[in-house]
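*Asks:* Could you have a look at this structure, given as structure tokens, before my questions?
Here, each number is a calculation from the coordinates, and none is a lab measurement. What you are looking at is a predicted structure, and each value in this text was computed from that prediction instead of being measured. Because the Cβ atoms are built from the backbone with ideal geometry, glycine has one as well, and the counts that use them run over all protein chains shown.
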Amino acid sequence: MKRIAITLFVLGLISAPLVAGRYAGDFMMIGAGARALGMGGAFAALADDGSAIYWNSGGLAQIKDSEVSAMHAFLYKNLASYDHLSYVQPLPNEVAIAFNVTRLTVNDIPYFDERYLIGTNVDQRINDSAYHLPGVPDGRFRSTDDLYQFAFAKNIKFGANMGWQFFEVPFELGVGGNVKFIKRQIRDNLGTGTGLDLGLKLRTDLAVILDQDELGSLHFGLNFQDLAGTTISWDTPSEIKDEVLFNTKVGLGIVQPLPNWNSELTLAYDYDYVYNGTSHYGMDWNYDSRANLRLGYYDTNFSCGASVKLYGVYLDYALITNPIGVSNRVGLRISFLGDCYEIRNLFLVGARVTELLRLFR
């Protein structure tokens with residue numbers, strides 16, 4: 001019975017846009033990246049890996065290495081799955097581009113064909129057993145929600161004169177935006193729409209501002225999601241149109257080195273203004289750039305996670321609580337040389353090594 005209840009709940013979530021229209025983009029609020037979700041979604045100010053295309057595209061240009069990242073989430077007692085795949089490519093002149101594909105899938109949704117009830121009245125359906133639902137589905141179908149994003153970001157470095165006599169305060173400002181295409185399919189019905197996000201990320205050095213060498217860096221993030229208004233249009237006879245609500249994410253983060261422990265501690269806070277507002281709190285402890293432990297809290301839900309670096313590859317895990325139960329997220333991040341010229345040189349070196357090996361054969 002519990003599994004049936006969860007199935008009905010998930011079915012209600014995915015079919016709500018066909019009758020309501022105000023929660024059409026909620027599948028996008030699940031988030032991206034096991035690392036960020038392990039911190040309770042407090043990531044708009046940090047945005048320093050491939051999931052930045054979701055949390056704050058302004059942070060993409062501050063990523064120095066190319067990165068491929070992926071995440072898989074087991075949702076609603078494994079009745080639904082959520083997948084995220086992104087790629088970030090830094091370019092010359094502090095510019096970066098990124099691509100992302102996200103999909104929410106719900107399989108084996110039962111449906112009951114009620115066309116044989118057309119023309120009957122309430123009394124007939126109550127008193128005649130021939131009109132009672134048999135309890136056996138007439139078939140099953142799959143629902144998919146897809147999100148495709150392309151992002152462009154530019155990083156700007158400057159010094160701000162704060163009126164102090166000897167130095168200017170260094171700042172890095174990342175400005176980015178992404179164009180999104182949304183495709184939702186429920187059985188034979190298809191809904192599509194396009195949207196626009198705009199992100200800003202500001203980073204500065206607390207050690208310089210406060211003249212304390214042991215201090216770390218301060219990060220501020222601002223992300224406007226569905227800025228120009230996003231509408232999903234369905235191919236139903238009534239031509240239903242769903243509205244994806246505009247959201248503003250504001251974030252603040254502090255990254256503090258702990259040299260005595262060969263570690264780094266990150267504290268972050270985010271606030272979402274949509275749906276009467278939600279606060280997100282996150283903490284990450286990094287040991288020797290090899291392993292991480294993290295905690296998060298948002299909207300009465302807890303999260304935790306861990307990462308391990310093996311041969312340059314990060315393996316991420318997050319556990320998140322919600323009213324339905326506990327869900328697990330697993331992720332993978334692979335970084336490599338970010339500058340396209342360095343990548344070209346790497347291929348040239350590889351070709352020359354191969355040529356030398358042939359000579360020694």
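*Asks:* So for the pair Glu168, Leu215, with labels modelled 7 Å out along Cα→Cβ, what separation do we get in nm?
*Replies:* 2.0
*Asks:* What is the spin-label model distance, in nm, from Asn260 to Phe302 if the labels are put 7 Å beyond Cα along the C-beta direction?
*Replies:* 2.9
*Asks:* Moving to a separate point now. Test of understanding: ordering Leu210, Leu227, Leu79 by Cβ neighbours within 10 Å, fewest first, what list do you get?
*Replies:* Leu210, Leu227, Leu79
*Asks:* How high is the FRET efficiency from Leu133 to Ser81, r the C-beta distance, R0 35 Å, rounded to 0.05? Before the final figure, lay out each step's value.
*Replies:* Values: r = 29 Å, r/R0 = 0.82.
Between Leu133 and Ser81 the formula returns 0.75.
*Asks:* Once the other residues with Cβ under 11 Å from the Cβ of Asn262 are scored (Lys, Arg +1; Asp, Glu -1), what is the net sum?
*Replies:* -1
*Asks:* Can you list the residues, at least 5 places off or on another chain, whose amide H is less than 5 Å from the amide H of Ala44, using H built in the peptide plane?
*Replies:* Sorted by chain and number, the residues that satisfy this come to none at all.
*Asks:* Could I ask something else about it? Work out from phi, with θ = phi - 60° and the Karplus expression 6.51 cos²θ - 1.76 cosθ + 1.60, the ³J(HN,Hα) of each residue of region 182-194, listed in order in whole Hz, and give x for Gly and Pro.
*Replies:* Couplings: 10, 10, 10, 10, 10, 6, 9, 9, 10, x, 9, x, 10 Hz.
*Asks:* Still on this structure: Taking 0.36 nm per residue of separation and subtracting the Cα-Cα distance, what length does fully extending Asp235 through Asn121 add?
*Replies:* 38.0 nm
*Asks:* Calculated FRET efficiency, Ala228 and Val95, Cβ-Cβ r, R0 25 Å, to nearest 0.05? It would help to have the intermediate numbers written out before the result.
*Replies:* On the way: r = 23 Å, r/R0 = 0.92.
Using R0 = 25 Å, I get an efficiency of 0.65.
*Asks:* Evaluate E = 1/(1 + (r/R0)^6) for Lys309 and Phe112, where r is the Cβ-Cβ distance and R0 equals 51 Å; express this FRET efficiency to the nearest 0.05. If you can, show how the numbers build up before the last one.
*Replies:* Details: r = 50 Å, r/R0 = 0.99.
The calculated FRET efficiency here is 0.50.
*Asks:* Residue separation times 0.36 nm, minus the C-alpha to C-alpha distance between Asn276 and Asp288: what's the value? Walk me through the numbers on the way to the answer.
*Replies:* Details: separation 12, 0.36 × 12 = 4.32 nm, distance 3.96 nm.
Length gained between Asn276 and Asp288: 0.4 nm.
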